[in-house]
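Visitor: Quick one: the structure is below, questions incoming.
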Amino acid sequence: QVQLVESGGGLVQPGGSLRLSCAASGSTFGANMMGWYPQAPGKERELVASITRTGGTNYGDSVKGRFTISRDNNENKVDLQMNSLKPEDTAIYYCNFKMVYWGAPNYWGQGTQVTVSS
C-alpha cells in the first residue's frame, strides 16, 4: 500500500511560477516511477512529467522547457517546478506512483488544483 499527498497548488497569473510537491509513504521500496498527471474538466488525465527512483525523467511536449520534475529520495518526495505558466495549464494535478514490475497497480493522490488566470 502506498499513500500520496500533494500540495502547492493555487492561483497564479499567466507567466508566473508554482511548485507542486508529492510526499509518498508506505511500501515504496524498490524500483518505481512517479509522475504528474493534470486533468482538466471533460478530459482524461495526461502525463506531463515522470521520474524514476534513480533520476531518469520524461516530459510531455507541451511542458518541455517550462516544467522540471525532481526527486528527493531522502525525503521520499517528488516536486514539479512550473514556470511560464499558461491558462491552458489549468487543471487538477494528480501525483502517480507505480512499481516497476509487470501488473503493478497505480496509486494516486487526491489532486491539487492549479489555476492560471489574469
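Visitor: Restricting attention to the range 53-98, which residues are open to solvent by less than 50 Å² (accessible area, probe 1.4 Å), charged (D, E, K, R), touching a strand residue (DSSP E or B) at 6+ places or on another chain (Cβ under 6 Å) and not in a strand (DSSP E or B)?
Guide: The one that is open to solvent by less than 50 Å² (accessible area, probe 1.4 Å), charged (D, E, K, R), touching a strand residue (DSSP E or B) at 6+ places or on another chain (Cβ under 6 Å) and not in a strand (DSSP E or B): 89.
Visitor: Return yes when residue 104 is small (Gly, Ala, Ser), open to solvent by less than 60 Å² (accessible area, probe 1.4 Å) and out of contact with any Lys or Arg (no Cβ under 8 Å at 6 or more places or on another chain) and no when it is not.
Guide: Considered against the rule, which asks whether it is small (Gly, Ala, Ser), open to solvent by less than 60 Å² (accessible area, probe 1.4 Å) and out of contact with any Lys or Arg (no Cβ under 8 Å at 6 or more places or on another chain), residue 104 comes out as no.
Visitor: While we're here: If we keep just the residues of the range 18-27 that are among the small types (Gly, Ala, Ser) and in a strand (DSSP E or B), which is least open to solvent (accessible area, probe 1.4 Å)?
Guide: If we take residues in the range 18-27 being among the small types (Gly, Ala, Ser) and in a strand (DSSP E or B), then 24 is least open to solvent (accessible area, probe 1.4 Å).
Visitor: If you don't mind, another one. If the requirement is being at pLDDT below 95 and either closer than 21 Å to residue 98 by Cβ or outside any strand (DSSP E or B) (or both), which of these qualifies: 42, 35, 15?
Guide: Exactly one residue qualifies, and that residue is 42.
Visitor: How about the range 7-59: which of its residues are without any contact (Cβ under 8 Å) to a residue 60 or more places away in the chain and of a type in the set (Gly, Ala, Ser)?
Guide: Scanning the range 7-59 gives 21, 23, 25, 26, 27, 40, 42, 49, 50, 55, 56.
Visitor: Would the range 8-17 turn up any residue that is within 12 Å of the chain's Cα centre (by Cα), within 13 Å of residue 108 (Cβ to Cβ) and open to solvent by less than 50 Å² (accessible area, probe 1.4 Å)?
Guide: Looking for residues that are within 12 Å of the chain's Cα centre (by Cα), within 13 Å of residue 108 (Cβ to Cβ) and open to solvent by less than 50 Å² (accessible area, probe 1.4 Å), one finds none in the range 8-17, hence no.
The values are calculated or read from the model by the stated rules, or taken from the named source; none is laboratory data. Note that this is a predicted model, so its numbers are computed, not measured. Using ideal geometry, Cβ is built from the backbone for each residue, glycine included, and neighbour counts are taken over all protein chains shown. Note: accessible area is taken over every heavy atom of the protein model, side chains too, but ligands, DNA and RNA are not part of it. Shrake-Rupley method; radii C 1.70, N 1.55, O 1.52, S 1.80 Å.
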